[in-house]
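Just below is one structure, and these are the notes that go with it.
The values are calculated or read from the model by the stated rules, or taken from the named source; none is laboratory data. The structure displayed is predicted, hence computed values, not measured ones. Neighbour counts are summed over all protein chains in view; Cβ atoms, including those assigned to glycine, are modelled from backbone coordinates with ideal geometry.
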Amino acid sequence: MSMIPDNPFSRAGGWCLYLAALGSLAVALPREFIVPGGAHFILLIGGIGLWRYSVGITHFVRGMYFLHHAYPILRHKARKLGDEGAPSHVFLMVTSFRIDAATTAQVYKSIIREAIDCGWPTTVVASIVELSDEMLMRSLWRKLNPPERVQLNLVRIPGTGKRDGLAYGFRAISRAIPDDNAIVAVVDGDTVLDPGVVRKTAPYFKLMPRVGALTTNEFCEVKGSYLMSEWHKLRFAQRHINMCSMGLSRRVLTLTGRMSVFRASVVTRPEFISDVEYDSLKHWRLGQFRFLTGDDKSSWYSMMRLGYDTFYVPDASIHTVEHPPDPSFIRSARQLMFRWYGNNLRQNSRATKLGPGRLGWFTWYVLWDQRISMWTSILGLTAAIVAAIKYSGVILIAYLLWIGLTRLVLSAMLVATGHPVGPAYPLILYFNQIFGSLMKIYVFFRLDRQSWTRQKTSYSTDSASFQQRMNRWSSRIMTFSASSVFLATVMFIV
Amino acid sequence: MNTAAIAPQFVHESEAQRQFARVRMPATLFVKLDGAPVRFPLEDLSAGGFCIRLGNESLRRGKVYNGRLVFKVDGMDMAVEVEFVPRNLGHDSDRCGCEFQNLGQREVSVLRYLITSFLSGELVSAGDVLNTLSRENFTKARKSKSSQALGFFASARAMVVSLVVMGIGLIAVTFIGYQLWQIYFVTKAETAMVASEDIPVSLPKDGKVTTLVKPGDQVEAGQPIATFDAPMLAYVNELVGNGNYTVEQIEELLGQSVRGTLTSPCDCKVLNLLPAKDQYMSKGEQIAVLVPTDASAHIIARFNFTEGENLQEGQSVTLHLAGGETRAGAIESLYVDAETPNQPGTAINALIQAEEPMPLESVGRPIGVTVDVIQLSALDGIVDRVSGN
């Protein structure tokens, strides 16, 4: 796939190919076809489809309303605040651990520049493990030579994980005893800040006193194949719409670990620090286990629990440098989805328990929807395959044509986000839907497995390993039963 | 420290050696002796202990004392509470070497900071000392990564629920398997009914009919089933054809009627009967269906033509009666259902005999017919061949 050049001609060619494929599907359909077995299943699946598409359309409409109407009003108000909107102090905290040195240098440079350009008293807090990173930071610091109001605070930590890195950094900030108007931007080691991010985001904390944290738009540069790169870009385009939609109700569901801005008074709360540092979940079947990845989910949950709002600033953006974990697209997608959906689902059950009172009905429903969607997303395809087995292959062709057309429309809708849309998008959209659902189902029953820790392969006979063995088997049983009940239901309906 | 345990080839005796750098730092130790505070100037200080000049006072070797070390920093006195034990009491001088006991984390941090700064020639400031004290100078215990397993009851519950879910899953899989079997290995008749050699009894003439038996009655051959009064005109018409009659003649013929009786042609059972009393019915209308007592019911099923390859004469089929009861049967003959003679039709009709005779009441009722593509009898045949019978 890396052979494919990305220029207007190849894009046009790609779209033509896609349309031709749709045309051939349409031609392959017979002129007349009587749906055997009665239309009740078409009614049911159509009803579910209507519900699913309406959820998507709701997000889209909300997102567009936020982007073009609600947000510009807020931006106008924020700009009118002028100097009143300025924070008393800005902390730019970066955590990095063994990221490619060129990327690290790019990141540090952007942070120091941002500190210099924002014009407010700023402290750069670098939570660093390796000496090499420290030396890099020191030399960049000397080279860029920031003014007096910009300070550097290096926090050297043991390499025990990002959560520890964040916690040490937060504690370092709390020792500076920031006042209520100070803000903390938490930046990941692979995230390059676009110029002006701090100035664009800071005033919203003054404007909306209930907002405890906000996050920004994200663009990416992918060090991988064409498909991989398109896949990431698509994700960020979808993310943008979802974030806008959730930003409308001040309930942005993720405080991206890449770059989020917090109120300093929140970040220095001991409850918040301990939530980020040590987060665990008690599961009825899998026992209690620690969250290893997904610090952004912990910070979000803590924020919600402590009663703050979260916000999205669509016109402030960051650039991330993505290094796919594996050269193969499928393997990369599998690993990343395993991590993302794992974090998401681990978060989900306890987040829904906060209830509609705290979250608001829409957010509460959206969280529930995340659990339902993994089944409904594959319902259409499963039903089409079952119907093809039971009655006629024509149904499958008709279904594929329908999918091809709807994904085309969905891709067209993504143009509205301002993210680039390529001809592979419809295919990736559908791949994400099906493969993502399968991964979600798989992960849902294996919440204790977190990607970067390999499970122990040797088992001894003590109680912990009994638990592990039981988890393994009961997870298999659960997956098997859930999928067979799903399949049986589909066969019963069709 | 003895390193013999680590590397047995080397012995590193260190009991008599100084482990920590000693610095001559201006400081004073205050100790309460017999209720009165006594002041000792400090000779030197290390991380492990300190040395003082006793002067006229005396301390007991090995006893734990409480005292406070007072340093001068930025013109301020800074005190560190310490516990110490006198170890070396000089014979010819008043020097006394003391060892720290149970130093707390904050005390260790401050002492370390003071000694390090003093050694490196840095200025010690009160702000730095405060900073040192406010910092976390000791790493925390590593959090254990091992997750917490469930307790006994929770494990038991988890297992039971998992097993129940497994049961549900197995049921679902059975259902899926059954459905797939039905799709791939079972041919289903589009329509089928129970039929038999029935004898229809119909009215020979137009006339008023009165039935004499009820449906389900047993009748013998020759037994009357119904009577009818046919107008004379019908007879005359039949005999001489449509003649030219005068109005009077027609009136006369209509006025007279001939009474006839319909009798049963066989020892039969009345299956179907239109009960009537002096009811006018036209010629050829079917009044009753009779079934011979010794007749047996069979089934006629219609299959889709494309399923013909799965059907053959003699094949066993399953009959599904209303109420969920099933019976075995076999295809007796197959023929294409031609709508027009000598034109191939789109359906295959099969005449099926049930293994056990069907009850006569079921004649005319619908019935389900399925054909298993994989025949159990064929399997039996294979088993017989393999076992050498």
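With the structure loaded, tell me whether A:V421 is more than 14 Å from every other protein chain (Cβ to nearest Cβ), touching a Leu at 6+ places or on another chain (Cβ under 6 Å) and either at pLDDT below 90 or part of a loop (DSSP other than H, G, I, E, B) (or both) or whether it fails that test.
For A:V421, the condition - more than 14 Å from every other protein chain (Cβ to nearest Cβ), touching a Leu at 6+ places or on another chain (Cβ under 6 Å) and either at pLDDT below 90 or part of a loop (DSSP other than H, G, I, E, B) (or both) - is met.
Could you please let me know if A:L292 is within 14 Å of another protein chain (Cβ to nearest Cβ), in contact (Cβ under 8 Å) with a residue 24 or more places away in the chain and assigned to a strand (DSSP E or B)?
For A:L292, the condition - within 14 Å of another protein chain (Cβ to nearest Cβ), in contact (Cβ under 8 Å) with a residue 24 or more places away in the chain and assigned to a strand (DSSP E or B) - is not met.
Tell me yes or no: at least one residue of segment A:153-161 is free of Cβ contacts under 8 Å to residues at least 24 places away in the same chain, surrounded by fewer than 23 Cβ atoms within 10 Å (Cβ to Cβ) and among the aliphatic types (A, V, I, L, M).
Within segment A:153-161, not a single residue is free of Cβ contacts under 8 Å to residues at least 24 places away in the same chain, surrounded by fewer than 23 Cβ atoms within 10 Å (Cβ to Cβ) and among the aliphatic types (A, V, I, L, M).
Considering segment B:37-78 alone, what residues qualify as being under 24 Å from B:T132 (Cβ atoms) and either of a type in the set (G, A, S) or touching a residue at least 60 places away in the same chain (Cβ under 8 Å) (or both)?
B:L45, B:S46, B:A47, B:G48, B:G49, B:G67, B:G75
Would you confirm, using the coordinates I've provided, whether B:T210 is away from chain A (no Cβ under 14 Å), of a type in the set (S, T, N, Q), free of Cβ contacts under 8 Å to residues at least 40 places away in the same chain and assigned to a strand (DSSP E or B)?
Criteria not met by B:T210.
Just a yes or no: is a residue in segment B:65-76 of a type outside the set (K, R), touching a helix residue (DSSP H, G or I) at 6+ places or on another chain (Cβ under 9 Å), at pLDDT below 85 and surrounded by 15 or more Cβ atoms within 10 Å (Cβ to Cβ)?
The answer is yes, given that some residue of segment B:65-76 is of a type outside the set (K, R), touching a helix residue (DSSP H, G or I) at 6+ places or on another chain (Cβ under 9 Å), at pLDDT below 85 and surrounded by 15 or more Cβ atoms within 10 Å (Cβ to Cβ).
Hey, could you check segment A:387-396 for residues that are of a type in the set (A, V, I, L, M, F, W, C) and surrounded by fewer than 20 Cβ atoms within 10 Å (Cβ to Cβ) and say which is nearest to the chain's Cα centre (by Cα)?
A:L396
Given the criteria within 14 Å of chain A (Cβ to nearest Cβ), polar (S, T, N, Q) and either under 30 Å from A:S475 (Cβ atoms) or within 27 Å of the chain's Cα centre (by Cα) (or both), does B:S134 qualify?
no
Being at pLDDT below 90 and not in a strand (DSSP E or B) is the requirement here; does A:G169 meet it?
In short, no.
This table checks each residue for (1) in contact with a strand residue (DSSP E or B) (Cβ under 6 Å, 6 or more places away or on another chain); (2) closer than 18 Å to A:S411 by Cα; (3) surrounded by fewer than 17 Cβ atoms within 10 Å (Cβ to Cβ).
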site	(1), (2), (3)
A:R31	no, no, yes
A:I57	no, yes, yes
A:Y65	no, no, yes
A:L81	no, no, yes
A:S88	no, no, yes
A:S96	no, no, no
A:I111	yes, no, no
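Scanning for something assigned to a helix (DSSP H, G or I) and over 28 Å from A:S229 (Cβ atoms), does segment A:2-20 turn up at least one residue?
Within segment A:2-20, not a single residue is assigned to a helix (DSSP H, G or I) and over 28 Å from A:S229 (Cβ atoms).
Residue-wise test of (1) over 29 Å from A:A21 (Cβ atoms); (2) surrounded by fewer than 19 Cβ atoms within 10 Å (Cβ to Cβ); (3) away from chain B (no Cβ under 14 Å); (4) free of Cβ contacts under 8 Å to residues at least 24 places away in the same chain.
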residue: A:P327; (1), (2), (3), (4): no, yes, yes, no
residue: A:G380; (1), (2), (3), (4): no, no, yes, no
residue: A:I385; (1), (2), (3), (4): no, yes, no, yes
residue: A:R407; (1), (2), (3), (4): no, no, yes, yes
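Considering segment B:176-186 alone, what residues qualify as being over 9 Å from A:S484 (Cα atoms) and either facing another protein chain (nearest Cβ under 8 Å) or at pLDDT 85 or above (or both)?
B:G177, B:Y178, B:Q179, B:L180, B:W181, B:I183
Out of all the residues in segment A:68-101, which are in a helix (DSSP H, G or I), farther than 21 Å from A:P209 by Cα and within 23 Å of the chain's Cα centre (by Cα)?
A:H68
Tell me, yes or no, whether segment A:300-321 has at least one residue that is touching a helix residue (DSSP H, G or I) at 6+ places or on another chain (Cβ under 8 Å), farther than 29 Å from A:A102 by Cα and within 14 Å of chain B (Cβ to nearest Cβ).
Checked segment A:300-321: no residue is touching a helix residue (DSSP H, G or I) at 6+ places or on another chain (Cβ under 8 Å), farther than 29 Å from A:A102 by Cα and within 14 Å of chain B (Cβ to nearest Cβ).
Looking at (1) aliphatic (A, V, I, L, M); (2) in contact with a helix residue (DSSP H, G or I) (Cβ under 7 Å, 6 or more places away or on another chain); (3) not in a loop (DSSP other than H, G, I, E, B), which one does A:V415 not meet, given that it meets all the others?
All conditions are met except number (2).
Counting only residues that are surrounded by fewer than 22 Cβ atoms within 10 Å (Cβ to Cβ) and among the aliphatic types (A, V, I, L, M), how many does segment A:276-300 have?
2
Would you call A:G257 surrounded by 21 or more Cβ atoms within 10 Å (Cβ to Cβ), within 30 Å of B:S162 (Cα to Cα), away from every other protein chain (no Cβ under 14 Å) and among the small types (G, A, S)?
no
Look through segment A:301-325, keep the residues that are under 19 Å from A:N242 (Cα atoms) and of a type in the set (G, A, S), and return whichever of them is surrounded by the fewest Cβ atoms within 10 Å (Cβ to Cβ).
If we take residues in segment A:301-325 being under 19 Å from A:N242 (Cα atoms) and of a type in the set (G, A, S), then A:S317 is surrounded by the fewest Cβ atoms within 10 Å (Cβ to Cβ).
Output yes when any residue across segment B:276-297 is of a type outside the set (D, E) and within 48 Å of the chain's Cα centre (by Cα), and no when none is.
Checked segment B:276-297: at least one residue is of a type outside the set (D, E) and within 48 Å of the chain's Cα centre (by Cα).
Just a yes or no: is a residue in segment A:221-229 part of a helix (DSSP H, G or I), surrounded by 18 or more Cβ atoms within 10 Å (Cβ to Cβ), at pLDDT below 90 and over 20 Å from the mean Cα position of the chain (by Cα)?
Checked against the condition, which is being part of a helix (DSSP H, G or I), surrounded by 18 or more Cβ atoms within 10 Å (Cβ to Cβ), at pLDDT below 90 and over 20 Å from the mean Cα position of the chain (by Cα), segment A:221-229 yields at least one hit.
Name, by its number, the condition in (1) touching a helix residue (DSSP H, G or I) at 6+ places or on another chain (Cβ under 7 Å); (2) over 22 Å from A:D275 (Cβ atoms); (3) not polar (S, T, N, Q) that does not hold for A:D117.
So A:D117 meets the others, but not (1).
Determine which single condition B:L59 fails, assuming it passes every other condition in (1) on the phi < 0 side of the Ramachandran plot; (2) surrounded by fewer than 18 Cβ atoms within 10 Å (Cβ to Cβ).
Of (1) on the phi < 0 side of the Ramachandran plot; (2) surrounded by fewer than 18 Cβ atoms within 10 Å (Cβ to Cβ), only one is false for B:L59: (2).
With respect to A:L193, determine if the residue is surrounded by 24 or more Cβ atoms within 10 Å (Cβ to Cβ) and within 18 Å of A:W300 (Cβ to Cβ).
The answer is no for A:L193.
Whether any residue in segment B:313-331 is buried (at least 19 other Cβ atoms within 10 Å of the Cβ), part of a loop (DSSP other than H, G, I, E, B), polar (S, T, N, Q) and within 51 Å of the chain's Cα centre (by Cα) is what I want to check.
Yes.
Just give me the residues in segment B:149-164 being more than 7 Å from chain A (Cβ to nearest Cβ), more than 17 Å from the chain's Cα centre (by Cα) and of a type in the set (A, V, I, L, M, F, W, C), in sequence order.
B:F152, B:F153, B:A154, B:A156 - these are the residues of segment B:149-164 that are more than 7 Å from chain A (Cβ to nearest Cβ), more than 17 Å from the chain's Cα centre (by Cα) and of a type in the set (A, V, I, L, M, F, W, C).
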